[in-house]
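Here's the structure, in structure tokens; my notes come after.
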Amino acid sequence: MRKEDFKEWLSTRIKKKPTSDCMSRCKAVETAFQIDLDTEYALDKGKRLLSKMQYSIADERAKKEAPTEFHFKDNANIRYRMANLRSAVNKYFEFCKENND
């Protein structure tokens, strides 16, 4: 992940706290999956990674476990947490697209 470039790009779109949150979530995804977001974007525009991060209402109703790469606190809302992580990664991929990478 190109942290400084991404941070600068985000700062023109969202406020400071959400920028920090987004950066942290992207880093958490890289750590959990042991990947680099730039590499994932180069492979297939991030589609494979985003599909691994799906967690639907049906999954929630079925009390499906969180993806094994993530270790959420007990009683965490997994669907909400996964949506936040996916949203951050989507922002990074939007950054990649706008920067022709």
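The values are calculated or read from the model by the stated rules, or taken from the named source; none is laboratory data. A quick note: this is a predicted structure, and the numbers were derived from the prediction, not measured. Glycine also receives a Cβ, built like all others from the backbone with ideal geometry; neighbour counts cover every protein chain displayed. Just the protein is used for accessible areas: all its heavy atoms, side chains included, with ligands, DNA and RNA removed. Shrake-Rupley method; radii C 1.70, N 1.55, O 1.52, S 1.80 Å.
Of note:
- Under the condition of being without any contact (Cβ under 8 Å) to a residue 12 or more places away in the chain and more than 18 Å from Phe95 (Cα to Cα), the residues counted in the stretch 28-47 number 2.
- Subset of the stretch 33-48 that is of a type in the set (A, V, I, L, M) and under 12 Å from the mean Cα position of the chain (by Cα) - its residue that is most open to solvent (accessible area, probe 1.4 Å): Ile35
- The set of residues from the stretch 49-69 being hydrophobic (A, V, I, L, M, F, W, C), open to solvent by less than 60 Å² (accessible area, probe 1.4 Å) and touching a Lys or Arg at 6+ places or on another chain (Cβ under 8 Å) comprises Leu50, Met53, Ala66.
- The condition (being assigned to a loop (DSSP other than H, G, I, E, B) and of a type outside the set (S, T, N, Q)) is satisfied by just one residue among Glu40, Glu65: Glu65.
- The set of residues from the stretch 70-101 being loosely packed, with under 14 Cβ neighbours inside 10 Å, in a loop (DSSP other than H, G, I, E, B) and either under 13 Å from the mean Cα position of the chain (by Cα) or among the small types (Gly, Ala, Ser) (or both) comprises just one member, Ala76.
- Of all the listed residues (Ile14, Ile35), the sole one being modelled with pLDDT under 95 and assigned to a loop (DSSP other than H, G, I, E, B) is Ile14.
- Against the list (1) in contact with a helix residue (DSSP H, G or I) (Cβ under 8 Å, 6 or more places away or on another chain); (2) open to solvent by 30 Å² or more (accessible area, probe 1.4 Å); (3) modelled with pLDDT under 95; (4) farther than 16 Å from Ser87 by Cα, the condition Glu4 fails is (1).
- Counting residues in the stretch 20-29 that are open to solvent by less than 90 Å² (accessible area, probe 1.4 Å), more than 12 Å from the chain's Cα centre (by Cα) and not basic (Lys, Arg) gives one or more.
- Check on Leu50, hydrophobic (A, V, I, L, M, F, W, C), in contact (Cβ under 8 Å) with a residue 24 or more places away in the chain and assigned to a helix (DSSP H, G or I): yes
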